[in-house]
């Protein structure tokens, strides 16, 4: 049996994190959730997820700080990171991509099912 794909969701809004977690669980993914930026970095190092969904506005460390940290650490540098936020401004998108995010998704524009499809697409 192939190993489950592990998704790390770094999202401080509990209802959203839970909704995404439920959807990914249902689709057969292994899910780890962090509710702040510091914990997100810690879990990325400990859990070695296949992909990370990263919010920008987070307690302790914002998403850009987390992304920078992940990309400069040898252990986590190769993990795919998708920025998942409600900040859709062009400069945020550019900043996310500059720091190494593979995609930038606006939460309000996506259903959980569409998010799962996006993740599957990036893991092909």
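The values are calculated or read from the model by the stated rules, or taken from the named source; none is laboratory data. Model, not experiment: these values are computed from the prediction. Methodologically, a virtual Cβ is constructed for each residue, glycine included, from the backbone with ideal geometry; neighbour enumeration extends over all protein chains shown.
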* **Condition check for residue 51: in contact with a strand residue (DSSP E or B) (Cβ under 6 Å, 6 or more places away or on another chain), under 16 Å from residue 123 (Cβ atoms), modelled with pLDDT of 95 or more and surrounded by fewer than 23 Cβ atoms within 10 Å (Cβ to Cβ)** => yes
* Qualifying positions in segment 14-41 - within 19 Å of residue 57 (Cα to Cα), out of contact with any helix residue (DSSP H, G or I) (no Cβ under 9 Å at 6 or more places or on another chain) and either part of a helix (DSSP H, G or I) or at pLDDT below 95 (or both) -> 14, 15, 17, 18, 21, 39
* Asked: How many residues are closer than 16 Å to residue 11 by Cβ and surrounded by fewer than 11 Cβ atoms within 10 Å (Cβ to Cβ) when one looks only at segment 88-108?
  -> 1
* Structure fact -> Here the qualifying pairs (Cβ atoms under 6 Å; residues six or more apart or on different chains; first in segment 2-14 and on the phi < 0 side of the Ramachandran plot and in contact (Cβ under 8 Å) with a residue 24 or more places away in the chain; second part of a loop (DSSP other than H, G, I, E, B) and exposed (fewer than 15 other Cβ atoms within 10 Å of the Cβ)) come out as 12/59
* Asked: Which members of segment 42-84 meet the condition of being farther than 18 Å from residue 32 by Cα, under 13 Å from the mean Cα position of the chain (by Cα) and outside any helix (DSSP H, G or I)?
  -> 57, 62
